[in-house]
1. Going through segment 124-153 one residue at a time, which ones are free of Cβ contacts under 8 Å to residues at least 12 places away in the same chain, surrounded by 11 or more Cβ atoms within 10 Å (Cβ to Cβ) and of a type in the set (Gly, Ala, Ser)?
2. Considering GLY70, GLY105, which residue is surrounded by 15 or more Cβ atoms within 10 Å (Cβ to Cβ) and farther than 20 Å from VAL138 by Cβ?
3. Exactly one condition in (1) under 16 Å from the mean Cα position of the chain (by Cα); (2) in a strand (DSSP E or B); (3) among the hydroxyl-bearing types (Ser, Thr, Tyr) is false for THR50; which is it?
4. Just to be sure I understand, how many residues within segment 125-136 are in a strand (DSSP E or B) and farther than 17 Å from VAL24 by Cβ?
5. Is it the case that segment 152-168 has a residue that's farther than 26 Å from ASP92 by Cα and in a strand (DSSP E or B)?
6. So which residues in segment 10-59 are aliphatic (A, V, I, L, M) and either at pLDDT 95 or above or open to solvent by less than 90 Å² (accessible area, probe 1.4 Å) (or both), if there are any at all?
7. Which one is farthest from VAL9 (Cα to Cα), of the residues in segment 102-136 that are at pLDDT 95 or above and either acidic (Asp, Glu) or out of contact with any strand residue (DSSP E or B) (no Cβ under 8 Å at 6 or more places or on another chain) (or both)?
8. Suppose the filter is on the phi < 0 side of the Ramachandran plot, without any contact (Cβ under 8 Å) to a residue 60 or more places away in the chain and open to solvent by less than 40 Å² (accessible area, probe 1.4 Å); does LEU83 pass it?
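The values are calculated or read from the model by the stated rules, or taken from the named source; none is laboratory data. Everything numeric in this text was worked out from a predicted model, so none of it was measured. Virtual Cβ from ideal backbone geometry, glycine too; neighbours counted across all protein chains shown. When the accessible area is computed, the model is the full protein with side chains, heavy atoms only, and any ligands, DNA or RNA have been set aside. Shrake-Rupley method; radii C 1.70, N 1.55, O 1.52, S 1.80 Å.
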Amino acid sequence: PSMLMFLSVPESSGGTSKFRLAGVYSDDLSLSYNPVTEESQDVTEVASTTDVTGYALNIPVSTKVVAKEGDKGYELSAYIQKLRRKLATAGDAETEVLIVDTYEGSEGSYTAQKFRGTIQIDTYGGPASESLGVDYTVNINGEPENGTVAITKASNGDMTAEFTKTGA
């Protein structure tokens, strides 16, 4: 994929958080811009004017629950399950989000933006014939910090990212 998303996840052993790849076992990961517009019309004109006044960015994620520690995607899946069980709201649902454009950069250093965000749990469960699933939405808040990321891939396929802020 040309775009990746990483979420800040507290380490299960305590201590600091790591940016972990989101969308493992998902077949679609799309950033929705959801433009906020304002329409106006002058009485002397036939056509109206539409201005873009902002954006309400979010990324819906549909994935399976990873229950076995050590499996690809386990750390993020366990974190999402913790939020689901807690019915996390407000500060408990807050995280940091990295949006990485892998088409800009080279192996080891890619263009990225870091945002504040919240995670909302949308659905949990699914058909008996499929793996247990969870759908959640990452709501992206505020202005981004621009930078680059270094991506590390573990032997089980998990990916983590380290963000470095740049000028503009």
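1. If the condition is that a residue be free of Cβ contacts under 8 Å to residues at least 12 places away in the same chain, surrounded by 11 or more Cβ atoms within 10 Å (Cβ to Cβ) and of a type in the set (Gly, Ala, Ser), then GLY125, GLY126 are the ones that fit.
2. Working: GLY70 fails: surrounded by 15 or more Cβ atoms within 10 Å (Cβ to Cβ).
Matching residue, one of GLY70, GLY105: GLY105.
3. (1)
4. Just the residues of segment 125-136 that are in a strand (DSSP E or B), to begin with: 125, 133-136.
So of that shortlist, the ones also farther than 17 Å from VAL24 by Cβ come out as 125.
Going through segment 125-136 one residue at a time, the tally reaches 1.
5. We begin by selecting, within segment 152-168, every residue farther than 26 Å from ASP92 by Cα; these are 152-157, 166-168.
Applying the additional criterion that residues be in a strand (DSSP E or B) yields 152-153.
Yes, segment 152-168 contains a residue that is farther than 26 Å from ASP92 by Cα and in a strand (DSSP E or B).
6. Taking segment 10-59 and keeping what is aliphatic (A, V, I, L, M), we get 21-22, 24, 29, 31, 36, 43, 46-47, 52, 56-57, 59.
Answer for segment 10-59, where residues must be aliphatic (A, V, I, L, M) and either at pLDDT 95 or above or open to solvent by less than 90 Å² (accessible area, probe 1.4 Å) (or both): LEU21, ALA22, VAL24, LEU29, LEU31, VAL36, ALA47, VAL52, ALA56, LEU57, ILE59.
7. Top of the filtered list is ASP122.
8. Details: on the phi < 0 side of the Ramachandran plot: yes; without any contact (Cβ under 8 Å) to a residue 60 or more places away in the chain: yes; open to solvent by less than 40 Å² (accessible area, probe 1.4 Å): yes.
So LEU83 passes the test.
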